[in-house]
Amino acid sequence: EQARIGVTGLAVMGRNLARNLARHGHPVALYNRTPARTRSLVEEFGSEGEFHPAESLKEFVDSLERPRRIIIMVKAGAPTDAVIDELVPLLEPGDMVVDGGNADYRDTRRREKALRQQGLHFVGSGISGGEEGALNGPSIMPGGSAESYESLGPILEDIAAKVDGVPCCTHVGPDGAGHFVKMVHNGIEYSDMQLIAEAYDLLRHAAGKRPGEIAEIFRTWNSGRLESYLVEITAEVLAHTDAETGKPFVDVVLDQAGQKGTGSWTVQNALEFGVPVSGIAEAVFARSLSGSAELRAASRGLPGPAETWLDSAASDRFADDVEQALYASKIVAYAQGFNLIQAGSKEFGWDIDAGAMATIWRGGCIIRASFLNRIKEAFDSEPGRPTLLTDAHFAEALGNAQAAWRRVVSTAAQLGVPAPGFSAALAYYDALRAERLPAALIQGQRDFFGAHTYKRVDTSGSFHTLWGGDRSEIPAD
Ligand code: NBP
């Protein structure tokens, strides 16, 4: 009997994905460049299902039923191209190649086109949830042709996380759509984490609470509207004590955050498309700033405010305010991320169903949260909505939160605690609400120094003012 699906690249992700497939009754072909990984998988977990290990790529390809379904789970970038180049000559028209790595969606578009020309289906698929998700149910974001999804979809939906019986997997759209959505998902994840970190920092350094107390606050929040995986693990991390020193774990960890690049990809693409994702950008920059050791060391002696703590009465009320600020800023972060998905969808003609993306992020991935149900409802009620902020539920939540949100941002500024995520989110909210923006003045400046022209509010056409002459206005078209 032949294998239904194959996995090549059997490091942590590929190995767990293969086990997940086998556990769901799908016979899985296995291949890894270094055969030791294949062998150890079968030795350790062979009893979990039907595995077809192969020690050559040809043997692997031959062990698969046709049309073949192959998942590549190797390091993103050049290794993925190397594997595709080796694989393609062994395949036949109609075969399907899934790239489950964290590929740049532009690479996915290029690869999809190249394979399509050879009669093959290439499916760039975002897979979220790390090793644990790969084994027990990830959130899966497959792109590629609708035809390939007919064949792959049932298998992928079978191994994906389920929430209320609904699989966290759906066909995102053609070519690079799946990897694009995965990229934005990661950008939102950066933003979510930064906002939570700012909430902690304010409770600690403005309200003077201890990590253990803050863990309790997060635990309480996790039983309300902020219920999410990230809030849940935040409480765990804050409650943890370092065994070596007896200090709070958070105090013994070097405060320089790492990043693998998908957050900055999100921001780079947003810059390219002209989509304001200020909350995500601040989150990426906050990590860069934290890692700028020399810059920070050089700046440590700069003066701060005289007052650095809230008084005790204010600090008791403060946690509620921070909860409001966190919820409001989180709405902004998701609204910005979804705008980027809409922009990508429009640019490449992907026709992405935004509500369906919220649905498949409810489980399996790092940003899973009950809040995503609200986003799904918002897009169901108006699929092409310009922004999530104006959805009735979110608009009301923002309205109720805004006074507290403003107190938090101003407290942060007054006491000298950096809160770039909260501040950027509030500025975005206020800028979108504004009747008039100072962009009119910027247009004036641009016209003054560069004759860039401007439009008027009261008539159509473009104009230029003769700034260096009699300052009369002339039509510019
Ligand atoms: P790695 O990203 O560490 O890649 C290791 C695998 O790539 C091994 O199987 C290795 O084979 C293979 N490989 C390399 Br490197 N170069 C190769 C080449 N030229 N030809 C053939 N095989 C090659 O593995 P991972 O952490 O399991 O991640 C796999 C993918 O999943 C990545 O794209 C990653 O970004 C993505 N992802 C990871 C996570 C996570 O939590 N780790 C989460 C979501 C997505 P070898 O054994 O012979 O060296």
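Coordinate-derived values only; no laboratory data. Keep in mind that this is a model prediction, so the values were computed, not measured. Cβ coordinates were reconstructed from backbone atoms using ideal geometry, including for glycine residues, and neighbour counts include every protein chain displayed.
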May I ask you to say which residue of T411, T359 is in a helix (DSSP H, G or I), hydroxyl-bearing (S, T, Y), more than 21 Å from R225 (Cβ to Cβ) and in contact with a helix residue (DSSP H, G or I) (Cβ under 9 Å, 6 or more places away or on another chain)? T411
Hey, any hits in the stretch 101-112 for a residue that's of a type in the set (S, T, Y), over 22 Å from G129 (Cα atoms) and buried (at least 17 other Cβ atoms within 10 Å of the Cβ)? no
Close pairs (9 angstrom Cβ cut-off, 6 or more residues apart or separate chains): within 21 Å of V7 (Cα to Cα) and free of Cβ contacts under 8 Å to residues at least 60 places away in the same chain in the stretch 113-129, more than 15 Å from the ligand (Cβ to nearest atom) and basic (K, R) anywhere: F122/K113; F122/R116; G124/R109
Qualifying position, being more than 8 Å from the ligand (Cβ to nearest atom), more than 21 Å from F122 (Cβ to Cβ) and of a type in the set (K, R), among R15, R39: R39
Could you list, in sequence order, the residues of the stretch 171-197 that are more than 21 Å from D351 (Cα to Cα) and β-branched (V, I, T)? I196
Do you know which residues across the stretch 225-275 are away from the ligand (no atom under 16 Å from the Cβ) and of a type in the set (K, R)? R225, K247
Can you find even one residue in the stretch 43-56 that is buried (at least 24 other Cβ atoms within 10 Å of the Cβ) and more than 9 Å from the ligand (Cβ to nearest atom)? no
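Restricting to the stretch 60-108, count the residues that are acidic (D, E), more than 14 Å from the ligand (Cβ to nearest atom) and touching a residue at least 12 places away in the same chain (Cβ under 8 Å). Write out each step before concluding.
Taking the stretch 60-108 and keeping what is acidic (D, E), we get 62, 65, 81, 85-86, 92, 95, 99, 104, 107.
Subsequent filtering for residues that are more than 14 Å from the ligand (Cβ to nearest atom) retains 62, 65, 92, 95.
With touching a residue at least 12 places away in the same chain (Cβ under 8 Å) added as a condition, the list becomes 65, 92, 95.
Summing the residues that are acidic (D, E), more than 14 Å from the ligand (Cβ to nearest atom) and touching a residue at least 12 places away in the same chain (Cβ under 8 Å) in the stretch 60-108 gives 3.
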Of everything in the stretch 125-157, what is within 11 Å of the ligand (Cβ to nearest atom) and either touching an Asp or Glu at 6+ places or on another chain (Cβ under 6 Å) or assigned to a loop (DSSP other than H, G, I, E, B) (or both)? Give them in sequence order. G129, P138
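Which fully enclosed helices (runs of 4 or more DSSP H) of the stretch 269-348 have 2 or more residues being within 26 Å of K376 (Cβ to Cβ) and within 29 Å of the chain's Cα centre (by Cα)?
Details: elements: 278-291, 293-299, 312-348.
Answer list for the stretch 269-348: 278-291, 312-348.
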Would you check if S56 is of a type in the set (S, T, Y) and within 23 Å of F122 (Cβ to Cβ)? yes
Given the conditions (1) β-branched (V, I, T); (2) buried (at least 21 other Cβ atoms within 10 Å of the Cβ); (3) under 20 Å from I159 (Cα atoms), report the number of the one that V12 does not fulfil. (2)
Is it the case that R4 is more than 13 Å from the ligand (Cβ to nearest atom) and out of contact with any strand residue (DSSP E or B) (no Cβ under 9 Å at 6 or more places or on another chain)? no
Residues that are in contact with a Gly (Cβ under 9 Å, 6 or more places away or on another chain) and either crowded, with 22+ Cβ neighbours inside 10 Å or touching a residue at least 24 places away in the same chain (Cβ under 8 Å) (or both), drawn from the stretch 373-412: I375, A378, F379, D380, P383
